[in-house]
Amino acid sequence: VGDYLAMQIHSMRTRLGWTQKRLSDNSGVTQPQISNYETL
């Protein structure tokens with residue numbers, strides 16, 4: 001995941017007021033994967 005996409009994931013999630021856990025529950029991606037995506 002590139003820097004731009006990582007920022008977009010984080011921005012979308014925070015704009016919605018979602019936690020990484022909620023995003024993982026709704027996306028089928030684990031929370032640690034989301035954390036990794038957001039920090040790349």
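For the chain, the calculated P(r) over all alpha carbon pairs, in 10 Å bins from 0 to the bin holding the longest distance, is 35, 61, 4 percent.
Let me check against my output: what whole-number percent is the relative contact order of the chain, with C-alpha pairs under 8 Å and at least 6 apart? Worked out over the chain, it gives 52 percent. In order along segment 28-33, the phi-based Karplus estimate (6.51 cos²θ - 1.76 cosθ + 1.60, θ = phi - 60°) of 3J(HN,Hα) comes to x, 9, 5, 4, x, 5 Hz; Gly and Pro are listed as x.
Computed from the coordinates by the stated procedures, all read-outs in this text should not be read as laboratory data. Computed from a prediction, not measured in an experiment: that's the story for all the values here.
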